[in-house]
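One structure is given here, and the rest of the page talks about it.
The values are calculated or read from the model by the stated rules, or taken from the named source; none is laboratory data. Note that this is a predicted model, so its numbers are computed, not measured. Glycine also receives a Cβ, built like all others from the backbone with ideal geometry; neighbour counts cover every protein chain displayed.
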Amino acid sequence: MATASIPPTTEARDVFRELGYTVSDGGREFVAERKWRRVLVTALCMETDDLDPYLAAGGETPRLRCFVTWHDNAGDLRDRLTDLKPPYDWAVIGVERDGEEFAVMEGAPGSP
(Lines give C-alpha, C1' and ligand atoms only; values in the text may rest on other atoms or scores of the structure.)
Protein backbone atom coordinates (compact mmCIF):
# COMPACT_ATOMS: atom_id res chain seq x y z
CA MET A 1 0.00 0.00 0.00
CA ALA A 2 1.33 3.40 -0.94
CA THR A 3 1.63 6.11 1.65
CA ALA A 4 0.26 9.61 1.29
CA SER A 5 3.77 11.07 1.10
CA ILE A 6 4.55 9.23 -2.14
CA PRO A 7 2.95 10.62 -5.31
CA PRO A 8 0.82 8.14 -7.27
CA THR A 9 3.16 8.16 -10.28
CA THR A 10 2.69 4.51 -11.25
CA GLU A 11 -1.06 4.75 -10.73
CA ALA A 12 -1.22 7.90 -12.90
CA ARG A 13 0.52 6.12 -15.78
CA ASP A 14 -1.74 3.09 -15.36
CA VAL A 15 -4.88 5.27 -15.51
CA PHE A 16 -3.81 6.95 -18.74
CA ARG A 17 -2.77 3.66 -20.34
CA GLU A 18 -6.16 2.20 -19.37
CA LEU A 19 -7.79 5.20 -21.08
CA GLY A 20 -5.88 4.42 -24.29
CA TYR A 21 -3.14 7.05 -24.06
CA THR A 22 0.51 6.57 -24.98
CA VAL A 23 2.56 7.61 -21.97
CA SER A 24 6.06 9.10 -22.07
CA ASP A 25 8.85 8.15 -19.72
CA GLY A 26 9.72 10.48 -16.92
CA GLY A 27 9.24 11.09 -13.25
CA ARG A 28 6.20 12.59 -11.63
CA GLU A 29 5.48 14.71 -14.73
CA PHE A 30 4.90 13.06 -18.08
CA VAL A 31 3.06 13.52 -21.35
CA ALA A 32 0.06 11.37 -22.30
CA GLU A 33 -1.04 11.39 -25.96
CA ARG A 34 -4.09 10.04 -27.75
CA LYS A 35 -5.30 11.15 -31.16
CA TRP A 36 -5.05 14.95 -31.16
CA ARG A 37 -4.85 15.24 -27.36
CA ARG A 38 -1.56 15.94 -25.64
CA VAL A 39 -1.89 16.16 -21.86
CA LEU A 40 0.77 17.19 -19.38
CA VAL A 41 0.21 14.92 -16.36
CA THR A 42 1.57 15.68 -12.89
CA ALA A 43 1.37 13.19 -9.99
CA LEU A 44 1.11 14.89 -6.59
CA CYS A 45 0.91 13.54 -3.07
CA MET A 46 -0.26 16.89 -1.64
CA GLU A 47 0.88 16.47 2.00
CA THR A 48 4.56 16.99 1.29
CA ASP A 49 4.52 18.69 -2.12
CA ASP A 50 5.20 22.36 -2.73
CA LEU A 51 2.40 22.78 -5.26
CA ASP A 52 3.30 26.25 -6.47
CA PRO A 53 5.84 25.16 -9.13
CA TYR A 54 3.32 22.69 -10.56
CA LEU A 55 0.33 25.03 -10.50
CA ALA A 56 2.06 28.19 -11.69
CA ALA A 57 1.18 29.52 -15.10
CA GLY A 58 4.68 30.72 -15.95
CA GLY A 59 6.53 29.77 -19.11
CA GLU A 60 4.90 27.94 -21.98
CA THR A 61 1.46 26.94 -20.77
CA PRO A 62 0.20 23.56 -21.95
CA ARG A 63 -3.32 23.54 -23.30
CA LEU A 64 -4.39 20.46 -21.33
CA ARG A 65 -3.19 19.50 -17.85
CA CYS A 66 -4.14 16.73 -15.51
CA PHE A 67 -3.16 16.42 -11.88
CA VAL A 68 -3.29 12.98 -10.31
CA THR A 69 -3.35 12.57 -6.54
CA TRP A 70 -4.65 10.16 -3.94
CA HIS A 71 -8.46 10.06 -3.81
CA ASP A 72 -8.73 11.60 -0.35
CA ASN A 73 -6.72 14.65 -1.53
CA ALA A 74 -8.45 15.16 -4.89
CA GLY A 75 -11.23 17.44 -3.65
CA ASP A 76 -8.76 19.79 -1.95
CA LEU A 77 -6.63 19.95 -5.11
CA ARG A 78 -9.70 20.66 -7.26
CA ASP A 79 -10.73 23.47 -4.90
CA ARG A 80 -7.26 24.98 -5.00
CA LEU A 81 -7.17 24.92 -8.80
CA THR A 82 -10.66 26.42 -8.97
CA ASP A 83 -9.50 29.28 -6.72
CA LEU A 84 -6.29 29.83 -8.74
CA LYS A 85 -8.11 29.87 -12.10
CA PRO A 86 -5.11 28.69 -14.15
CA PRO A 87 -5.04 29.68 -17.84
CA TYR A 88 -5.35 26.13 -19.15
CA ASP A 89 -7.94 23.35 -19.26
CA TRP A 90 -7.41 21.00 -16.35
CA ALA A 91 -8.76 17.99 -14.55
CA VAL A 92 -7.93 16.21 -11.31
CA ILE A 93 -7.89 12.44 -11.05
CA GLY A 94 -8.15 10.90 -7.59
CA VAL A 95 -6.81 7.34 -7.40
CA GLU A 96 -7.53 4.81 -4.70
CA ARG A 97 -4.56 3.57 -2.71
CA ASP A 98 -4.90 0.08 -4.18
CA GLY A 99 -4.74 1.58 -7.69
CA GLU A 100 -7.92 -0.24 -8.72
CA GLU A 101 -10.31 2.70 -9.03
CA PHE A 102 -10.12 6.35 -9.97
CA ALA A 103 -12.42 9.36 -10.23
CA VAL A 104 -12.08 12.30 -12.62
CA MET A 105 -12.96 15.81 -11.45
CA GLU A 106 -13.02 18.43 -14.18
CA GLY A 107 -12.41 22.13 -13.82
CA ALA A 108 -15.13 24.53 -12.84
CA PRO A 109 -17.69 25.37 -15.55
CA GLY A 110 -16.60 28.41 -17.52
CA SER A 111 -12.92 28.01 -16.65
CA PRO A 112 -10.43 27.92 -19.50
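Take the residues of the range 83-103 that are touching a strand residue (DSSP E or B) at 6+ places or on another chain (Cβ under 6 Å) and either part of a loop (DSSP other than H, G, I, E, B) or without any contact (Cβ under 8 Å) to a residue 40 or more places away in the chain (or both): which is surrounded by the fewest Cβ atoms within 10 Å (Cβ to Cβ)? Steps first, answer last, please.
Of the residues in the range 83-103, the ones touching a strand residue (DSSP E or B) at 6+ places or on another chain (Cβ under 6 Å) are 88-95, 102-103.
Checking the rest, the ones that are also either part of a loop (DSSP other than H, G, I, E, B) or without any contact (Cβ under 8 Å) to a residue 40 or more places away in the chain (or both) come to 88-92, 94, 103.
Values: Tyr88: 14, Asp89: 15, Trp90: 26, Ala91: 17, Val92: 25, Gly94: 21, Ala103: 12.
My answer is Ala103.
When you look at Val23, is it closer than 15 Å to Thr69 by Cβ and at pLDDT 90 or above, yes or no?
On the way: closer than 15 Å to Thr69 by Cβ: no; at pLDDT 90 or above: yes.
Spelling it out, it is not the case that Val23 is closer than 15 Å to Thr69 by Cβ and at pLDDT 90 or above.
So which of Arg13, Arg34 is surrounded by fewer than 16 Cβ atoms within 10 Å (Cβ to Cβ), of a type in the set (Lys, Arg) and modelled with pLDDT of 90 or more? Being surrounded by fewer than 16 Cβ atoms within 10 Å (Cβ to Cβ), of a type in the set (Lys, Arg) and modelled with pLDDT of 90 or more holds for just one of Arg13, Arg34, which is Arg34.
Just checking, which of Cys45, Cys66 is at pLDDT 90 or above and either under 13 Å from the mean Cα position of the chain (by Cα) or under 17 Å from Pro7 (Cβ atoms) (or both)?
Details: Cys45 fails: at pLDDT 90 or above.
From the options Cys45, Cys66, the qualifying one is Cys66.
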